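Notes for the one structure printed next.
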Amino acid sequence: MPRRVVITAFSILSPLGSSPDTIMDNFKKGNAPFEISPIDDDILICPVKNFNLKDHIGRFKHARYLERGAQFCVASAVDTVKNADLQDDTLAKAGLFIGSGPSLDFGEELSYLNPDNPDLSKLKALWMLKYLSNTAASVISRLTGIHGDNATIGTACSATLQAIGEAFRKIKDGYLDLAFAGGGSSRFSYSGIMAYKKAQAFFVVKKGRDNNYSPFDTSRQGFVAGEGGAFILLEELEHAKKRGAEIHAEICGFNASISGHSMTAPDPEGKYEEATVRSAINDAGLMPSDVDVVSTHGTGTPLNDDMEAELIDRVYGDHKPFILALKSWIGHLTPACGAVELALCIILMKHKYLPEIRHLTNPCHKSLNFVQNGINYPPNTVLLENFGFGGQNSAIVIKPWTE
Amino acid sequence: MDILQTIQEELAELLDIEKEEITPDAYMVRDLDAESIDLLELAVAINASFGIDVNDDEIFLRLLREFLEEAKDAGKDAGDFLEEKYRFLTRERIDDMLNDLQGGPVLKVNDLISYVSWKLENK
């Protein structure tokens, strides 16, 4: 019998909050904390308020090597381990799969490293740890006692969904019985903001118009950065049952690919993006007509949303699943978007609710079933897709738990 | 500049502990859980705060056990040998250390202060 993989714990730190109740309250009241960046008043951001790493991990001296995104990663991992309530020997065998971007928090280090006028005395001895992508993994293992198979995956905005997919496959294929997967990100530092501003990927605030971030709207013109982190605990079904774990959802299928089209833009034809979505549905043993909710990548960039809308139309045809764009609520969490959006999907499935795509008034595609008003609806099969810079594609299928 | 106070502040930040825990008599590793990477950072911080060129091997007594072997092999008195190697430590402190080797790493906060004062005097 094939091994089934379920989600038995999760935690989220998002602009909408960290508890499911607060998040649902914000969805229903239409609250999303978008604001002007204190660094650049051309730019909107969607921050997590009052985040303090110490509230999650207590005192830990090597936190000095964690940039803010890695702090969200570590905090949400530690919270998930607490929620999981596992014995130490079980935890030691658990896997750890993290999606991570490079740190874009180029701080004082860069000025000290100017070869024409270096000031090496001000550099930390191990300043490079802030820029190594597996620093968060190292900290998480030390704090929690997770010691199993692990990987830190750096596939841009597809990274955390791929980390979750890798964990899913390791469990499904029998290499692990349980694994933690997720990540964190923040791009609000000066260098983080300038990275995407120079790439012209950002929504730019302009005077004399509504500055609403509206994925899939004809007026959309770039993404708004969010921040936060999320982790889930994936577990083989029988393992979960044996220890009487609460089951939040089932992961049924996953796939990933690389487009080889452009360094940043998606392939307008969406060839490999579409193949990924179809393969994930196939991996779950389902048909496109079984999917009733699609949680889109929906960044609000002109190119992504056009490609994605066409892709959805081709894959699902007349079936017309509900279309969500969770980034309209939390912004784009770049490498962490997959984990955070998956955690939101779990919460929405449990609360049987689909939130509207905020500010969507003139959809860019006429025949898709965009959710334009929040509705009470019990999702049966959710497909979550993410597409990243470099042509990174990933899609996952989750269902509410039933025998 | 108050050397103890500066080192206390640096250690409090580096080790994420309260300043009050950092007494001159506290052992760096046994009491304050300093690890090798913390000592690396501390050397950088002391370098910058006091404007001295810190030798990591000296200030952290890294070669202490090798020196003891060396003294033994050469048939020399351990105390005399260490006194020569660690000019910043008093003979009294060296004798204390020699009686304390079984307990683990002997380095104390006060040894760091002795090193910094000695360096400042001999600048």
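Each reported figure results from applying straightforward, stated rules to the coordinates on display, with no laboratory input. Computed from a prediction, not measured in an experiment: that's the story for all the values here. So basically every Cβ, Gly included, is an ideal-geometry build from the backbone, and we count neighbours across all protein chains shown.
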Would you mind ranking A:371, A:224 by Cβ crowding within 10 Å, fewest neighbours first?
A:371, A:224
As a footprinting exposure proxy, order A:340, A:74 by other Cβ within 10 Å, with the fewest listed first.
A:74, A:340
Place a +1 charge on the Cβ of each Lys and Arg in the stretch A:107-264 and a -1 charge on the Cβ of each Asp and Glu, then give the dipole magnitude about the Cα centre in debye, rounded to the nearest 20.
480 debye
Is chain A best put as rounded, prolate or oblate by its Cα gyration tensor, with a ≥ b ≥ c the root eigenvalues, rounded for a/c under 1.5, and otherwise prolate when a/b is larger than b/c, oblate when not?
oblate
Residue A:39/residue B:12 FRET efficiency (R0 25 Å; Cβ-Cβ; nearest 0.05)
0.25
Residue B:2 versus residue B:100: modelled label distance in nm, points set 7 Å from Cα along the beta carbon direction
2.3 nm
Global form of the stretch A:105-159, assessed from the alpha-carbon gyration tensor, a/c cut-off 1.5:
oblate
Residues of the stretch A:348-366 with amide nitrogen under 16 Å from the 7 Å Cα-to-Cβ point of residue A:218?
A:360-366
Could you tell me the distance between the Cα centroids of the stretch A:205-223 and the stretch A:109-150, to the nearest Å?
37 Å
Is the shape of chain B best called rounded, prolate or oblate, per the rule: a/c under 1.5 gives rounded, else a/b larger than b/c gives prolate, else oblate, with a ≥ b ≥ c the square roots of the Cα gyration tensor eigenvalues?
prolate
Tell me what the protein assembly as shown gives for mean residue ellipticity at 222 nm when only DSSP H runs of n ≥ 4 count, each as -39,500 (n - 2.57), the sum divided by the residue total, rounded to 500 deg cm²/dmol.
-11000 deg cm²/dmol
Exposure proxy check on A:223, A:72, A:387, B:81: fewest-to-most Cβ neighbours within 10 Å is B:81, A:223, A:387, A:72
Once you charge only the Cβ atoms, +1 for Lys and Arg and -1 for Asp and Glu, what is the size of the charge dipole of the stretch A:207-248 about its Cα centre, to the nearest 20 debye?
180 debye
Residues of the stretch A:367-383 with the amide nitrogen closer than 20 Å to a label point 7 Å from the Cα of residue A:318, along Cα-to-Cβ, please.
A:367-370
Explain nothing, just the number: dipole magnitude of chain A about its Cα centre with +1 on each Lys and Arg Cβ and -1 on each Asp and Glu Cβ, in debye rounded to the nearest 20.
700 debye
